[in-house]
């Protein structure tokens, strides 16, 4: 299935770390933006506890937040996102924030922006505790809305064996037409993108890029009381 | 960041001895340690902007380096340090990077909070 942008007007993307947007949804977001939609990206932290400092390291714990803030802005420009909200939470600590504070921030964005679609992490299946806590706050906030007013929520999950529990993703986006935007977004995170487990230490061929980054998959979140 | 020179670090450590300092101390395997390799045990800890005062401190080893600071009530210890922010005049900003370039340990000392 390949969803087409139709009558939707605004997407709210909510992720905890600069570069989550690149790997999870840059192609999808660029595609919808090309189709005329507006995207707001709420990024909870500055990724200031990240371990990648560039190769060789040109950042450190002290300089990383300001550097990643610039990288985040550049990534948004690459994707075409014009509304970036940096929510000011501390990297690694999202799960320890007051859940009501987190939820209230998301609720405020939902009320202000009235998005037709929200993209976030699937709580419980997204490996990093910040991912799970962010997704959980988004789900709680959206669940508070009357069922008829809820935006569709696309969740990304990548925990090992997650498909055994939540099944196959029901949304598959072919983003090969937007790989230029997506790779520019990834590379905008200059402190991060050389990491061996991400892009590796050599230039990928066009075919490798297409295979690795050409498809984005999401699970549409099923709210218990929605039919 | 540049590979640290132990003599330079020792000079910096001596310069900050006996004063009230803010410390950031961190050791991290990364949040993805066990996701990428199920045999690994993810473990991380950090403390930021605790206040300490050390009477003596030194750097040792042949690289990666160890640092021990003797405080009024105890000790501060870090192992695996490789790099320093060479542009810092007064603060000490140290990190250890593993073979993949990732930060694995950090030790920072300064007169103002980080």
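The values are calculated or read from the model by the stated rules, or taken from the named source; none is laboratory data. All figures in this text were calculated on a predicted structure; none of them were measured in a lab. As a convention, Cβ positions derive from the backbone with ideal geometry for all residues, glycine included, and neighbour counts pool all protein chains shown.
When the residues of the range A:29-61 are narrowed to those that are part of a loop (DSSP other than H, G, I, E, B) and farther than 17 Å from residue A:191 by Cα, which ends up nearest to the other protein chains (Cβ to nearest Cβ)?
A:44
On the given criteria, is residue B:18 in a loop (DSSP other than H, G, I, E, B) and more than 14 Å from every other protein chain (Cβ to nearest Cβ)?
yes
I'm checking my understanding of the structure. Among residues of the range A:62-74 that are more than 27 Å from residue B:43 (Cβ to Cβ) and touching a residue at least 24 places away in the same chain (Cβ under 8 Å), which one is farthest from the other protein chains (Cβ to nearest Cβ)?
The extreme case among them is A:74.
Checking the conditions here, which among B:69, B:94 is more than 9 Å from chain A (Cβ to nearest Cβ) and either over 16 Å from residue A:50 (Cβ atoms) or touching a helix residue (DSSP H, G or I) at 6+ places or on another chain (Cβ under 6 Å) (or both)?
Just a single option satisfies the conditions, and that option is B:69.
For residue B:67, all conditions in the list (1) modelled with pLDDT of 95 or more; (2) assigned to a loop (DSSP other than H, G, I, E, B) hold save one; what is the number of the exception?
Only one criterion is unmet by residue B:67, namely (2).
Having 1 or more residues that are in contact with a helix residue (DSSP H, G or I) (Cβ under 9 Å, 6 or more places away or on another chain), surrounded by fewer than 17 Cβ atoms within 10 Å (Cβ to Cβ) and without any contact (Cβ under 8 Å) to a residue 60 or more places away in the chain is the bar; report the strands (runs of 3 or more DSSP E) wholly within the range A:76-156 that clear it.
In the range A:76-156, the matching strands (runs of 3 or more DSSP E) lie at A:83-86.
Would you please name the residue that is modelled with the lowest pLDDT, looking only at residues in the range A:175-196 that are in contact with a helix residue (DSSP H, G or I) (Cβ under 7 Å, 6 or more places away or on another chain) and within 14 Å of another protein chain (Cβ to nearest Cβ)?
Among them, the one singled out is A:193.
Quick one: is residue A:20 in contact (Cβ under 8 Å) with a residue 60 or more places away in the chain, farther than 30 Å from residue B:110 by Cα and in contact with a strand residue (DSSP E or B) (Cβ under 9 Å, 6 or more places away or on another chain)?
Yes; evaluated as a whole, the condition is true for this residue.
In the range A:11-28, which residue that is in contact with a helix residue (DSSP H, G or I) (Cβ under 6 Å, 6 or more places away or on another chain) and in a loop (DSSP other than H, G, I, E, B) is nearest to the other protein chains (Cβ to nearest Cβ)?
This residue is A:16.
What number of residues within the range B:23-62 are closer than 30 Å to residue B:111 by Cβ, away from chain A (no Cβ under 14 Å) and loosely packed, with under 14 Cβ neighbours inside 10 Å?
Going through the range B:23-62 one residue at a time, the tally reaches 6.
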